[in-house]
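Let me begin by presenting the structure, written as structure tokens, before commenting on it.
The values are calculated or read from the model by the stated rules, or taken from the named source; none is laboratory data. Just so it is clear, the model here is predicted, and its values are computed rather than measured. Cβ: placed from backbone, ideal geometry, glycine included. Neighbour counts: every protein chain shown. In case anyone asks, the SASA skips ligands and DNA or RNA and just uses the protein heavy atoms, side chains included. Shrake-Rupley method; radii C 1.70, N 1.55, O 1.52, S 1.80 Å.
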Amino acid sequence: MERIVRTLQAIPYKLRMVLAACLLGLVSGFAGIILHDLLEFVEGLVFGHSEHESSFLTDGVPPYRIGISLLIVGLTSALVWYSLQRKGKLLSIKGQMKEEDSRLALHFWRQLLHSSWQIIAVGGGAPIGKEGAPREIGALLAGRLAKGFGLPLADRIFLIACGAGAGLAAVYQVPLTSVFFIFETLGIAFSLKRFFLAGISTYVAAYTAGWVISDHALYKLPITTWSLQGLWLLPILVLVLTPLAYGFARLTKQATAHRIKDKRILLTLPLAFLFLAGLSLKLPHLLGNGRMVAQEVINGISWKTAFLLFVLKALVVLLTLWAGAYGGTLTPSFALGMAGAALFTLAFGLESPSTILLLGAVCFLTVTLKAPFSATGLVIGFTGQGLDALPYLLLTAFLTVGLTQRLDCLFGRKLKESSSR
């Protein structure tokens, strides 16, 4: 191993960076395949089939089986995360990107188990997103590769960000969107060289994972027709949904910041899963990462169902994160955006075409990710839209960014006033 490391470090710097990006994409792609298979395996154990084998994951599953499975997943998740956190803190992607002097000790296998368990929890019905695991594992592998190639600190941080993007590209088959994610969400300074290297890692990861993971749209939408006739609804939709998305993002941040990590997790997390099991008796779509909620909205629902799905999905996500679980909020935000858009149109007696639903999804994702280009790319990738959707989605995203900035100024001023008092 030492000889291999010395050989790698003897390669010219520019070629070393290209090789590191290629190898990172390759290992991130294989990691994405393993996580994909792990998710399907857990879903098969809990529900008897995976989400790719049925329109809805809970179809034909007896309620008692769902309840028992959720209790088991809640108990085991509490034990695993309590045990992992007793030995030290778990690092997020941005925690891994910090300078080594200011970063906590990184334990590779503990971080790997932590990220992999997120997939097991989601496969068992946890109402949070699965995208955190591949991003964290991609970043974890990137850190090891960066050391092996002998890269300086700035390039190590950049490669870790590329690893997070490569993990996202592998699981969701969105390589270009993942490049924007690296620069927008993770705050990497843009340059053409970095854009090229990030593209290498994400496209190699997507191609490698594509041997197993399908690149077809995740959601089945009716034929979507984009026109200027319904454009007058766009600013109204943004005005209504952006404050809701902003509130959800702030509450998510608070739930994550105050996540229970001590012995109380052995009680709070199983109780949160029991509460979810009770709600799933009437609304089984609340289970999982939000895909069933979004598909149910696309298929058509009443305003009462839209309201319940919107409120309860947000509630169980926040409760699960506060109770001690780890996971993403990307796909739950996508589902909440669609449910909010459906509620908006139904409440005012309007039709709920798929175009409005997609605009609601990009609005919520823009606030959650703080990234208009990434949000637009994800909505296009998830739903298989063409380039004709791009202007409408981008316009919605940038209007959302503008309103979010105004809300930041407003609430920032109020916080300052309350703290001075």
Odd one out for residue 349, checked against (1) open to solvent by 10 Å² or more (accessible area, probe 1.4 Å); (2) of a type in the set (Gly, Ala, Ser); (3) part of a helix (DSSP H, G or I): (3)
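Which residues, counting only those in the stretch 337-346, are open to solvent by less than 10 Å² (accessible area, probe 1.4 Å), of a type outside the set (A, V, I, L, M) and either out of contact with any Asp or Glu (no Cβ under 9 Å at 6 or more places or on another chain) or outside the structural domain of residue 248 (by the TED database) (or both)?
Hits for the stretch 337-346 are 337, 340.
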Inside the stretch 242-258, can you point out the residues that are of a type outside the set (Gly, Ala, Ser) and either within 18 Å of the chain's Cα centre (by Cα) or at positive phi (or both)? 246, 248, 250, 251, 252, 253, 254, 256
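From 203, 219, which residue is hydroxyl-bearing (Ser, Thr, Tyr), modelled with pLDDT of 95 or more and surrounded by 15 or more Cβ atoms within 10 Å (Cβ to Cβ)? Explain how you work it out, then say what you get.
Numbers: 219 fails: modelled with pLDDT of 95 or more.
Of 203, 219, the one residue that is hydroxyl-bearing (Ser, Thr, Tyr), modelled with pLDDT of 95 or more and surrounded by 15 or more Cβ atoms within 10 Å (Cβ to Cβ) is 203.
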Identify, by number, the condition in (1) outside any helix (DSSP H, G or I); (2) buried (at least 23 other Cβ atoms within 10 Å of the Cβ) that residue 293 doesn't meet. (1)
Give the residues of the stretch 56-91 that are open to solvent by 30 Å² or more (accessible area, probe 1.4 Å), small (Gly, Ala, Ser) and either part of a helix (DSSP H, G or I) or within 20 Å of residue 129 (Cβ to Cβ) (or both), sorted by residue number. 83
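Consider the stretch 36-55. How many of its residues are open to solvent by 20 Å² or more (accessible area, probe 1.4 Å), in contact with an Asp or Glu (Cβ under 9 Å, 6 or more places away or on another chain) and either acidic (Asp, Glu) or assigned by the TED database to the domain that holds residue 289 (or both)? Quick ask: steps written out before the conclusion?
Let us first name the residues in the stretch 36-55 that are open to solvent by 20 Å² or more (accessible area, probe 1.4 Å), namely 36-38, 40-41, 44-45, 48-49, 51-55.
With the extra rule that they be in contact with an Asp or Glu (Cβ under 9 Å, 6 or more places away or on another chain), the set shrinks to 40, 44, 49, 51-53.
If we keep only those that are either acidic (Asp, Glu) or assigned by the TED database to the domain that holds residue 289 (or both) too, we end up with 40, 51, 53.
Count: 3.
Quick grid of which residues meet (1) among the charged types (D, E, K, R); (2) over 21 Å from residue 359 (Cα atoms); (3) open to solvent by less than 20 Å² (accessible area, probe 1.4 Å); (4) not assigned by the TED database to the domain that holds residue 339:
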| position | (1), (2), (3), (4) |
| --- | --- |
| 244 | no, no, no, no |
| 249 | no, no, no, no |
| 257 | no, yes, no, no |
| 272 | no, yes, yes, no |
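Which ones in the stretch 272-283 are more than 14 Å from residue 126 (Cβ to Cβ) and assigned to a helix (DSSP H, G or I)? Steps first, please.
Within the stretch 272-283, the subset more than 14 Å from residue 126 (Cβ to Cβ) is 278, 281-283.
Across the stretch 272-283, the qualifying residue is only 278.
Looking at the stretch 198-220, is at least one residue part of a helix (DSSP H, G or I), over 30 Å from residue 34 (Cβ atoms) and in contact with a helix residue (DSSP H, G or I) (Cβ under 8 Å, 6 or more places away or on another chain)?
Let us first name the residues in the stretch 198-220 that are part of a helix (DSSP H, G or I), namely 198-209.
From what's left, over 30 Å from residue 34 (Cβ atoms): none.
No, every residue in the stretch 198-220 fails to be part of a helix (DSSP H, G or I), over 30 Å from residue 34 (Cβ atoms) and in contact with a helix residue (DSSP H, G or I) (Cβ under 8 Å, 6 or more places away or on another chain).
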Test result for residue 95, modelled with pLDDT under 90, open to solvent by less than 30 Å² (accessible area, probe 1.4 Å), part of a helix (DSSP H, G or I) and not hydrophobic (A, V, I, L, M, F, W, C): yes
Is it the case that the stretch 126-138 has a residue that's in a helix (DSSP H, G or I), assigned by the TED database to the domain that holds residue 182 and more than 25 Å from residue 293 (Cβ to Cβ)? yes
Go through 128, 119 for me and flag whichever is touching a strand residue (DSSP E or B) at 6+ places or on another chain (Cβ under 8 Å), within 21 Å of residue 37 (Cα to Cα) and open to solvent by less than 30 Å² (accessible area, probe 1.4 Å). 128
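Taking the options 289, 299, name whichever one is in the same structural domain as residue 382 (by the TED database) and in contact with a strand residue (DSSP E or B) (Cβ under 7 Å, 6 or more places away or on another chain). Break it down stepwise before answering.
Details: 299 fails: in contact with a strand residue (DSSP E or B) (Cβ under 7 Å, 6 or more places away or on another chain).
After applying the criteria, what remains is 289.
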Suppose we keep only residues that are more than 17 Å from the chain's Cα centre (by Cα) and among the polar types (S, T, N, Q) within the stretch 338-371. Which one would you say is nearest to residue 303 (Cα to Cα)? 345
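Search the stretch 306-318 for residues being in contact (Cβ under 8 Å) with a residue 12 or more places away in the chain, over 17 Å from the mean Cα position of the chain (by Cα) and open to solvent by 10 Å² or more (accessible area, probe 1.4 Å), and hand back the single one that is farthest from residue 339 (Cα to Cα).
The initial filter retains those residues of the stretch 306-318 that are in contact (Cβ under 8 Å) with a residue 12 or more places away in the chain, namely 306-310, 312-314, 316-318.
Those left that are additionally over 17 Å from the mean Cα position of the chain (by Cα): 306-310, 312.
Next cut, open to solvent by 10 Å² or more (accessible area, probe 1.4 Å) only: 307-308, 310, 312.
On the way: 307: 8, 308: 9, 310: 6, 312: 11 Å.
Looking at the filtered set, the residue picked out is 312.
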Filtered residues of the stretch 352-380 (kept if open to solvent by 30 Å² or more (accessible area, probe 1.4 Å) and closer than 16 Å to residue 217 by Cα): 380
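Checking the condition of a type outside the set (Phe, Trp, Tyr), open to solvent by less than 10 Å² (accessible area, probe 1.4 Å) and over 14 Å from the mean Cα position of the chain (by Cα), which residue from 112, 141, 151 passes? Full working, then the answer.
On the way: 112 fails: open to solvent by less than 10 Å² (accessible area, probe 1.4 Å); 141 fails: open to solvent by less than 10 Å² (accessible area, probe 1.4 Å).
Sole residue among the options that is of a type outside the set (Phe, Trp, Tyr), open to solvent by less than 10 Å² (accessible area, probe 1.4 Å) and over 14 Å from the mean Cα position of the chain (by Cα): 151.
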